[in-house]
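What follows draws every value from the coordinates through simple rules; no lab data is involved. Just so it is clear, the structure is predicted and the values come from calculations on it, not from any experiment. Using ideal geometry, Cβ is built from the backbone for each residue, glycine included, and neighbour counts are taken over all protein chains shown.
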Amino acid sequence: MGNVGVSIITMGGIRLNVHYKIEPEDIKAAQKNAVETTPEIQKRYRLIDTISPIILLIFLFLTSTNETIYGKIMFSIVHTFFWWFVIIPFLHQWLFELIYWIERKKLNEAYIGQYELNINENEITINSKRGPKTYRWEDVLRVEEDEFRYFFYLTDNTYFLVKKKPV
C-alpha cells in the first residue's frame with residue numbers, strides 16, 4: 001500500500017500501477033469538483049441565481065404591508081438585493097453541504113476503501129471492493145484536478161478519482 005510503481009515495457013508502452021485509499025474527504029472533494037466544473041450544473045446554478053431573485057421581488061412586492069407603492073417597491077428592491085448578494089452565495093455552499101450530509105452514508109459505504117489503479121497506453125483499470133472496472137482512454141471526457149486528486153470524467157455525471165499522493 002502506498003507504493004507507486006512505474007515500469008517501462010519493452011514494446012514501447014508505459015505501465016503505471018498505483019495503490020491508494022479513498023477517504024470521506026475525497027468523496028466530498030469529487031462532488032465539489034463536479035459542481036464547480038460541470039457545465040450542466042453551472043447552467044442550473046445560473047438559472048436559479050437569475051430566477052429566484054425575480055420571483056422573490058414579485059413575492060415581496062405583492063405581500064408587502066407598506067401602504068404606498070414607493071414603499072412596496074423600495075422594500076422589495078432592498079430585500080431582493082440582500083437576497084442576491086448576501087444569501088445566494090451562502091446558499092450554494094449550504095445546499096452542497098446538505099446534499100453531501102444526506103448522501104454521505106450511501107457514498108461512504110460504496111466508495112470508501114482501497115483502490116488499485118493500472119494504467120497503460122490503451123486503458124485504465126480500477127480494482128476495488130466492487131470489482132474491476134476498465135475504461136479506454138477514448139472514454140475519458142475530461143480530466144480535472146485539485147491540490148490532492150485527479151478527477152477523470154467519463155460523462156458530466158460519471159467520474160472516478162485518483163489521489164496524487166497515494167497513502
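At a glance:
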quantity: Listed residue pairs exceeding 28 Å between alpha carbons, taken from Lys106/Lys164; Lys43/Lys133; Lys21/Lys43; Lys32/Lys133; Lys32/Lys72; Lys43/Lys165; calculated: Lys43/Lys133; Lys21/Lys43; Lys32/Lys72; Lys43/Lys165
quantity: Stokes-Einstein diffusion coefficient of the range 33-111, Kirkwood radius over Cα pairs, 20 °C, 1.002 mPa s, in µm²/s; calculated: 145 µm²/s
quantity: Equivalent-ellipsoid semi-axes of the chain, from the Cα gyration tensor, Å, largest first; calculated: 48, 16, 12
quantity: Estimated [θ] at 222 nm from DSSP helical runs (n ≥ 4, -39500 (n - 2.57)) normalised by residues in the chain, nearest 500; calculated: -16000 deg cm²/dmol
quantity: Computed E for Ile69/Leu95 - FRET, C-beta separation, R0 45 angstrom, nearest 0.05; calculated: 0.85
quantity: Extended-chain gain in nm, criterion 0.36 nm per residue less alpha-carbon gap, Glu116 and Arg44; calculated: 22.4 nm
quantity: Leu141/Phe85 FRET efficiency (R0 30 Å; Cβ-Cβ; nearest 0.05); calculated: 0.30
